[in-house]
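A short write-up of the structure that comes next.
Derivation of every value follows stated rules applied to the coordinates shown; laboratory data play no part. Everything numeric here is computed off the predicted structure, so don't read it as measured data. Don't worry about glycine lacking a Cβ; one is built from the backbone with ideal geometry, like all the others, and counts go over all protein chains shown.
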Amino acid sequence: MSPARLSLASRPQWLERVEHSPSDRRDSEPGVLHLGLGAFTRAHQAMVFDRLLASGDGRWGMHGVGMRQRGLVEALHAQDGLYAVRVADAAAVRWVVPAALWRLSVLSTDREAVIQAMASPALRWITLTVTEKGYTPELGALIAQGLMRRHTAGAAGLTLASCDNLRSNGQHLRQLVLQACESAKLQRWVDVCCAFPSSMVDRIVPASSAALRDQVVQELGVVDESPLGTEGFWEWVIEDRLADPSDAAALSAVGVRVTPDVHVYEDAKLRMLNGSHSAMALIGAITGRAFIAHCIGHPPLREFVRRLIEREVAPHLQRRDWAEYQDALLARFGNPHLRHSVHQIATDSSLKLPQRWPPSVEGQLRQGASIEHHALAVAAWLRYGLAEDEQGRPYDISDPQAQWLRDVAALQKTRPAHSLDHLLTRKDLWGPLLVEHTHWKARVAYWHQAVLAHGMDEAVNRLIREVP
């Protein structure tokens, strides 16, 4: 007999095998509408809201909106919005079934229902995880339409919180929405009654897999079409700028850090975690290491990452506990339970790297300090553009500028100077200082030559030997 599907009806079969009993009360309208129903959201914000619901605060049920993910939404709908999350690190492995998803829609086909949901008097927050490339005029127009409907109905203002890696994401969202407002009256209402806090979110959430689905059957005794695996560590730092100021205490009670200084944590996460992640992902793709745990498990590469953070990133951060955060990062990268694909992390590098690497390089140059680790990382990105690893195995490059990168990378074996010039003169990637900085360009060229002549691993070894 086939196992039952994970759902409220099958609760007796899986309940004793999960960490806590998720609430099955859904006797009110959702208080949160979330745009972008990906893996990260379900393993991060949804689990925070689940904790709030479990505490008896029923205002945090979610209306999850997949932008185009009809298959995912249909699978979750068949499971009453439930899904299994394996939380695993060196200390323990446990299963959680969050129950915060009360309602589900697909924007591409349910747009009117989504706009109407934004006008619900019960709605208090709109959250979104759309990544760097998702801040489009279309997104601004969607939210502005919902807020217009809300304003016309006489409902209260909202907190609108971006939960992604874009620095100052609240400011970006606010500007996007205000530009999309069709009247000065609506702009004034949004400006006065709605809040756009910036936030920093941090948790490693690899893509789901068939192996994880099999594990759910084995360990929970039910079928789940959309399980997730994640780590024990998580952080959510949100700006103390909320439409309902009392929400700060509620969020703080379940582990969210509410502070006026989000930028301190944004900078540390972008440059320490995301910056080193990008470097490892590119090096891993070139060397044929499929997952981040394989990369950090190679001692020279682990030392490269440690030195990158400690020597070139940390001196320019305001996060006081950066050393403890660094230790946590190295442990997280080595988590054997997280099969975090280097190619997943390398996706959209042309959008991510300008936020992650140049600020640290500029800080080092101003102090006359070493830039060697970042220079090697940039050289690795150019080599990555060949779209095949050092064993000759091809891989796809998923990036808005993939064709440009492939074209530039194709020059590097016969005309490396031209290839580097095309890369390093892109002001939109590196900023006005670096495109004119001869020492920076020279060091990237040095390590690029080392990568081409000796291979990626030996280039890393050379850097560790040559840079005291």
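Counting only DSSP beta bridges with both residues in region 11-260, the antiparallel share comes to about 25 percent. Amide H contacts of Phe291 (H built 1.01 Å from N, in plane; Pro and chain starts excluded): Val342 sit under 5 Å, all sequence-distant by 5 or more or on other chains. Along region 23-31 the Karplus relation, 6.51 cos²θ - 1.76 cosθ + 1.60 evaluated at θ = phi - 60°, assigns HN-Hα couplings of 5, 10, 7, 9, 9, 9, 6, x, x Hz to successive residues, with x for each Gly and Pro.
Averaging sequence separations of C-alpha pairs under 8 Å and six or more residues apart, then dividing by the length of region 53-122, give the relative contact order as a whole percent. Please report the intermediate quantities before stating the final value.
Values: 84 pairs, mean separation 25.9, N = 70.
It rounds to 37 percent for region 53-122.
Derived scalar couplings between HN and Hα for region 385-395 equal x, 6, 6, 8, 7, 6, 9, x, 8, x, 9 Hz in order, rounded to whole Hz, by the Karplus curve 6.51 cos²θ - 1.76 cosθ + 1.60 (θ = phi - 60°), x for Gly and Pro.
Mean separation of Cα pairs under 8 Å and 6 or more residues apart, divided by the residue count, gives region 22-143 a relative contact order of 34 percent. If one takes the longest principal axis of the Cα atoms in the chain, at what angle in degrees, from 0 to 90 and to the nearest 10, does the Cα axis of helix 372-384 lie? On a 0 to 90 degree scale, this one is about 80.
Just in region 284-371: which GluC sites (Glu not before Pro) are loop by DSSP and have at most 15 other Cβ atoms within 10 Å? Passing both the DSSP loop test and the Cβ count: no residue.
Each residue of region 185-195 was assigned a 3J(HN,Hα) from its phi angle through the Karplus curve 6.51 cos²θ - 1.76 cosθ + 1.60 (θ = phi - 60°); the sequence is 5, 5, 4, 5, 4, 4, 5, 8, 9, 10, 10 Hz, with glycine and proline shown as x.
Rounded, prolate or oblate, given the Cα gyration tensor of region 302-379, with a/c below 1.5 counting as rounded? Cα axes put region 302-379 in the oblate bin.
Residues whose amide H lies under 5 Å from that of Arg5, counting only those 5 or more places away or on a different chain, are Val223; hydrogens are built 1.01 Å from N in the peptide plane. Quick one: of the DSSP bridges fully inside region 143-297, what percent are antiparallel, nearest 5? In region 143-297, approximately 50 percent of DSSP beta bridges are antiparallel ones.
Sum -39500 (n - 2.57) across every DSSP H segment of at least 4 residues in the chain, then divide by the residue count to get the 222 nm mean residue ellipticity, nearest 500.
Values: 24 runs with 233 residues, N = 468.
Dividing the helical sum by the residues of the chain leaves -14500 deg cm²/dmol.
Computed from Cα atoms, the angle from the helix 438-454 axis to the main principal axis of the chain rounds to 80 degrees. Here the residues His439, His374, ranked from fewest to most Cβ neighbours within 10 Å of their Cβ, fall in the order His439, His374. The long axis of helix 169-180 is offset from the longest Cα principal axis of the chain by roughly 70 degrees. DSSP assigns beta bridges within region 33-127; of those with both partners inside it, close to 30 percent run antiparallel.
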